[in-house]
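Notes follow once the structure below has been shown.
The values are calculated or read from the model by the stated rules, or taken from the named source; none is laboratory data. Fair warning: this is a prediction, and the values are worked out from it, not measured in the lab. Here the Cβ positions follow ideal geometry from the backbone for every residue, glycine too, while neighbour counts run over all protein chains shown. These area figures cover heavy atoms from the full protein model, side chains too; ligands, DNA and RNA do not enter into them. Shrake-Rupley method; radii C 1.70, N 1.55, O 1.52, S 1.80 Å.
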Amino acid sequence: MIPKGSQAIGHLVTRIAQDLLPKASDAYTATDLGYFTLLLTMVAQDYDRAADLLVSEHAALQPILRAAGARLADPALQARIAEALQMEAPSLKVSDLTARADVTMKLLIEVHAAVEDAEAAGADWARALNEDIWRFLGTHVAAHAYDVML
Amino acid sequence: MDSREEQLRAGLGRFLDAKWRPGAQVSELAHIPGGASRETWRLRATAGADSRGMIVRIDPETSLIDTDRRTEYRAMEAAYRAGVPAPETLYLEEDLAWLGRPFSITAEVPGCQASAEGMPPEHRDRIGRQKWAILGRIAALDPATLGLGDVMPASSRETCAAEQLEYWAKVIVEDELHPNPVAHAAIRWLRRNPPPPAQKLSLVHGDYRTGNFLYAPDGEIRAILDWEMAHIGDPLEDLAWSMDPLWCWQTPELAGRLLPHADAVRAWEQGSGLVVDPAAFRWWQVFAAVKGIGIWISSSEDFHAGRSKAPILAMAGWLMTDRQQRILVDYLSPFSQHRFVERVK
């Protein structure tokens, strides 16, 4: 495995920015190299955090899905929530964790819509659950944010 | 010289010899960076004593924005004829015989640049006031007189917002590589809270922002670029897009890195003769972020499907999607600190 992967990618970024980019033969190539440094910086950030985020967010979604499953009346949606709560990723590979996250996030979209409908119909529990979902989404988006200067 | 450049030089030489001046020669051919929706080249065409700088926009195999070249060309042509600063349109060529792909040619606007980073600080205020005054002038045009009916679908004051929303919602559903619960929550919010009918129908540029106009060293805006998403709709759509926090990420208090938001709105109102309804504007602000996610998701999908290796598509798909989601959470979450909500009136 690459030793200190994020740091290694950072060294590649420095090499491109300091040594290769100034030698670019035209503006188009220079612009592309600039994009490469930015993209590699983002790859380095994801390299380190991806598995952690995918595992911790799956755990954070469990109580939201459980609460929704207990309250929402749609049996089909309830069944899919129950299935999602039991779902195990076949490994801790980022690709497997991502595939599991895709299933639960797709389910979250449906759950959120149903919770909004229930809130509009005056259900107090739905208001609290909607807030929980927004709290999750705010944390999710902040945790996935890239730290780059642009 | 690479083979792509040689191929283009030969093809453009033949084209200009046939369509512009017999004996036309192409020189100073250079690939221009930053054009994400079309492959863009600068050239000098010379025939005897005639010499003219031109810009060639060639259809890509894929692009950031899946749009029709004819719409872009005709919108730019209409704007130019209406007195809006825009490049003079010269040729729209859809015959593949010349370059293997359709292309358009406009007159070069010499001595200008588009870069927000390179903008002289002493001219920012002036450029900002022009930027939104020109957008106001575009909003004030009567779209019925522009002759664009054959390239732009008809719309109405009552339906234009829903049409745009459903178009971009479909793009997101079809192109998202991973489910995006924030975008879907925003789409539902927009459907639940429709805006009032547009004050008027206007020519909407569709991507009016800092970076998409050319300014001279003295701070005069000489040309509005990138009309490929132009359509008929609510003029507030362009205003909201032009002031999206994405275009002023490091300085959210300055719309487009140029003016305080309220000053930008005032310049637009003076140019258009219209009045901004803050409630309607809020809808278009949320819509702008959803539309942005649609564009960035599409570009990411193109990149990951391997249809294009252009890094700008990956950059848009990764970084811009991330930021646009943060903007939407800021707008819609009950726990938002509203970092991106600025006073506009």
* Structure fact -> residue B:149 meets each of (1) within 14 Å of another protein chain (Cβ to nearest Cβ); (2) modelled with pLDDT under 95; (3) more than 19 Å from the chain's Cα centre (by Cα) with one exception, condition (1)
* To do: Name the single residue, out of those in segment B:250-261 being open to solvent by less than 20 Å² (accessible area, probe 1.4 Å) and within 19 Å of the chain's Cα centre (by Cα), that is farthest from residue B:281 (Cα to Cα).
  => B:258
* Asked: Just for strands (runs of 3 or more DSSP E) wholly inside segment B:185-254: which have at least 1 residues that are charged (D, E, K, R)?
  -> B:221-224
* Asked: Which of the residues spanning segment A:133-150 are at pLDDT 95 or above and at the interface with chain B (Cβ under 7 Å from one of its Cβ atoms)?
  -> A:134, A:135, A:137, A:138, A:141, A:144, A:145, A:146
* Structure fact -> Selection over segment B:93-138 where residues are crowded, with 18+ Cβ neighbours inside 10 Å and free of Cβ contacts under 8 Å to residues at least 24 places away in the same chain yields a count of 0
* Out of segment B:33-58, which residues are open to solvent by 40 Å² or more (accessible area, probe 1.4 Å) and either away from chain A (no Cβ under 14 Å) or touching a residue at least 12 places away in the same chain (Cβ under 8 Å) (or both)? -> B:34, B:42, B:44, B:46, B:48, B:49, B:50, B:51, B:52
* Structure fact -> Residue set B:305, B:316, B:280; condition open to solvent by less than 20 Å² (accessible area, probe 1.4 Å), away from every other protein chain (no Cβ under 14 Å) and either in contact (Cβ under 8 Å) with a residue 12 or more places away in the chain or among the aliphatic types (A, V, I, L, M) (or both); output residue B:280
* Asked: touching a residue at least 24 places away in the same chain (Cβ under 8 Å), within 27 Å of residue B:196 (Cα to Cα) and in a helix (DSSP H, G or I): does that describe residue B:265?
  -> yes
* Hey, can you tell me all the residues within segment A:71-106 that are among the basic types (Lys, Arg) and within 12 Å of chain B (Cβ to nearest Cβ)? => A:100, A:106
* Asked: Which one of these is out of contact with any Ser or Thr (no Cβ under 8 Å at 6 or more places or on another chain), over 28 Å from residue B:178 (Cα atoms), more than 14 Å from every other protein chain (Cβ to nearest Cβ) and modelled with pLDDT of 95 or more: B:258, B:274?
  -> B:274
* Which one is farthest from the other protein chains (Cβ to nearest Cβ), of the residues in segment A:107-129 that are over 26 Å from residue B:172 (Cβ atoms) and open to solvent by 80 Å² or more (accessible area, probe 1.4 Å)? -> A:124
* To do: Test each condition in (1) of a type in the set (A, V, I, L, M); (2) open to solvent by 30 Å² or more (accessible area, probe 1.4 Å); (3) under 24 Å from residue B:187 (Cβ atoms); (4) within 17 Å of the chain's Cα centre (by Cα) for residue A:73 and report the one that comes out false.
  => (4)
* Asked: If we scan segment B:224-245, do we find a residue that is of a type in the set (Ser, Thr, Tyr), open to solvent by 10 Å² or more (accessible area, probe 1.4 Å), in the same structural domain as residue B:157 (by TED's automatic domain parsing) and out of contact with any Asp or Glu (no Cβ under 8 Å at 6 or more places or on another chain)?
  -> no
* **Set B:78, B:30: member being of a type in the set (A, V, I, L, M), within 14 Å of chain A (Cβ to nearest Cβ) and touching a Leu at 6+ places or on another chain (Cβ under 8 Å)** => B:30
* Asked: Quick one: is residue A:25 more than 25 Å from the chain's Cα centre (by Cα) and polar (S, T, N, Q)?
  -> yes
* Could you grab the pairs with beta carbons closer than 7 Å, sequence gap of 6+ or different chains, first residue in segment B:326-337 and more than 8 Å from chain A (Cβ to nearest Cβ), second one assigned to a loop (DSSP other than H, G, I, E, B) and hydroxyl-bearing (Ser, Thr, Tyr)? => B:330/B:336
